[in-house]
Amino acid sequence: CLGMQVATIEVARHLAGLEGANSTEFDPDTTHPVIALIDEWQDSDGTIQKRDAKSDLGGTMRLGAQSSDVTPGTLAFQIYGKLVTERHRHRYEANEHYLDRLRAAGLVISAITQREKLTEIVELPQTQHPWFVGVQFHPEFKSTPWDGHPLFISYVKAALEQQRNAQAEKVAA
């Protein structure tokens, strides 16, 4: 889950110009908390739960498999199709108050949870970077040596393509 969070921080700092942007997990006093705890959460039965950094850890974690809608035309859509269901184990989320500014800076929010409308996958357009994807879930939970996770397979394919392109440029020069 750290991948999506640090990718979001990177874009906030270096593309959106939010100097000092961080996660409140790393810096509780950050001036731009682009990643933070959700302090209000609606349970599946409709009750509202209030939480803070001192709340019971289990009660503040997002756990288990959750489904997200994937935006057509994104790298995530190429990898997963229109729906992704992955396992979670984390407390911190992308701060919705910064999402418009991050999108304006070029961050693509390519998957959002169906129930809570939380950010699940972020990426940069392939015109900006050949493979910049961060996910909020844990793909390693569903990957084995005999059946690699689609996200890992996509990353390795992109790396091999970059290597082939670099070699071809070298030969042409």
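The values are calculated or read from the model by the stated rules, or taken from the named source; none is laboratory data. Note that the coordinates shown come from a computational prediction; the quantities given were computed from them, not determined experimentally. Here the Cβ positions follow ideal geometry from the backbone for every residue, glycine too, while neighbour counts run over all protein chains shown. Accessible surface is based on the protein model in full, side chains and every heavy atom, while ligands, DNA and RNA are left aside. Shrake-Rupley method; radii C 1.70, N 1.55, O 1.52, S 1.80 Å.
At least 1 residues being modelled with pLDDT under 85 is the threshold, and among the strands (runs of 3 or more DSSP E) wholly inside the range 1-47 those reaching it are 32-37, 40-42. Number of residues in the range 145-173 that are under 15 Å from Phe132 (Cβ atoms) and touching a Lys or Arg at 6+ places or on another chain (Cβ under 6 Å) equals 0.
Report, by residue number, each residue of the range 58-75 that is at pLDDT 80 or above and in contact with a strand residue (DSSP E or B) (Cβ under 7 Å, 6 or more places away or on another chain). Break it down stepwise before answering.
Here is the first cut: in the range 58-75, the residues at pLDDT 80 or above are 66-75.
Correct list: Gln66, Ser67, Ser68, Asp69, Val70, Thr71, Thr74, Leu75.
When the residues of the range 1-29 are filtered to those that are more than 11 Å from the chain's Cα centre (by Cα) and hydroxyl-bearing (Ser, Thr, Tyr), which remaining residue is most open to solvent (accessible area, probe 1.4 Å)? Checking each candidate, the answer is Thr24. Please find, within the range 136-173, the residue that is most open to solvent (accessible area, probe 1.4 Å) out of those that are more than 23 Å from Ala7 (Cβ to Cβ) and not in a helix (DSSP H, G or I). Selected residue: Trp146.
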